[in-house]
Amino acid sequence: MKVGGPVSDSEKTTHFGYSEVPEGEKAGRVRGVFTSVASKYDVMNDLMSGGIHRLWKDAMMDWLAPRGGQRLLDVAGGTGDISFRFLRRAGHGHATVLDLTEGMLVEGQRRAEAADMAGSLDWVVGDAMALPFDDNTFDVYTISFGIRNVTRPEDALAEAYRVLKPGGRLMVLEFSRVPNPALRAAYDAYSFNVIPRIGQVVTGDRDSYQYLVESIRRFPDQETFLAMIRAAGFGNAAYRNLTMGVACLHSGWKL
């Protein structure tokens, strides 16, 4: 074991749920989780949240207020939920759905909305920390329930800033920290005792949903993440809690 000196990239670790893993392994593990659950991902979202995730995504669109002709990059866009909503609200425009897991994109392309909007959609396999796009390309960048799975969220935010046009908008929808202790205890009891069991019954994969529950607890709280957005260069940064802080919307602008 080396004593002192800088830590090399190969020695750096990060969290994967409550486990510590080498940074280089996390993306592969995350890909494995979402490959395993892709075919049941949308069904599980409804079951886990009682359908409330749809209201959160609608609230995201309300604050985002898409306009006709805008170009959206939806990172960790999975099966296309956010992109479909964006294009419906905008009336006309273009959305690029980017995800680390090809299986999630395949499921998205099977949805009826994907066929209806085919001329306005691209589906791209890619990494949030190394986006395959030129600088100043997109009007809007969204990431929903995905940034907590990124190995280095600060790198993803830097990439978001890079690919947005001047005046472009960042919006992040993510599970967050419930501030009320009593409500937090009830939410934790539900999350740890019920969600992995639902995952086992519906997908045959308890471990992936155990990871997803743990990953929520490892993600920074609202104020800490707001500071990360500001550190990436975004101005007019703000957040709004949803369902008493179970989820949160963060917004920022490339000014």
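The values are calculated or read from the model by the stated rules, or taken from the named source; none is laboratory data. Small disclaimer: the values here were computed from a predicted structure and weren't measured. With ideal geometry, Cβ positions are generated from the backbone for all residues, glycine too; neighbour counts draw on all protein chains shown.
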*Could you check residue 32 against (1) over 27 Å from residue 252 (Cβ atoms); (2) not in a helix (DSSP H, G or I) and say which number it fails?*
(2)
*Checking residue 196 against (1) surrounded by 18 or more Cβ atoms within 10 Å (Cβ to Cβ); (2) within 22 Å of residue 79 (Cβ to Cβ); (3) touching a residue at least 24 places away in the same chain (Cβ under 8 Å), which test does it fail?*
(3)
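Of everything in region 144-162 that's surrounded by fewer than 20 Cβ atoms within 10 Å (Cβ to Cβ) and closer than 17 Å to residue 72 by Cβ, which residue is nearest to the chain's Cα centre (by Cα)? Don't jump to the end; show me each part of the working.
Step one: list which residues in region 144-162 are surrounded by fewer than 20 Cβ atoms within 10 Å (Cβ to Cβ), which gives 152, 154-155, 158, 161-162.
Pick out the ones that are also closer than 17 Å to residue 72 by Cβ and you get 161-162.
Working: 161: 16, 162: 18 Å.
Once the filter is applied, the top-ranked residue is 161.
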*Of the residues in region 163-189, how many are crowded, with 22+ Cβ neighbours inside 10 Å and among the hydroxyl-bearing types (Ser, Thr, Tyr)?*
1
_Checking the condition buried (at least 21 other Cβ atoms within 10 Å of the Cβ) and modelled with pLDDT under 95, which residue from 75, 37, 97 passes?_
37
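Restricting attention to region 42-56, does a residue exist that is among the hydrophobic types (A, V, I, L, M, F, W, C) and within 26 Å of residue 154 (Cα to Cα)? Full working, then the answer.
Taking region 42-56 as the starting set, the residues that turn out to be among the hydrophobic types (A, V, I, L, M, F, W, C) are 43-44, 47-48, 52, 55-56.
Subset that is within 26 Å of residue 154 (Cα to Cα): 56.
The answer is yes; a qualifying residue exists.
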*Kindly indicate which of 20, 25, 107 is surrounded by fewer than 16 Cβ atoms within 10 Å (Cβ to Cβ) and in a helix (DSSP H, G or I).*
25
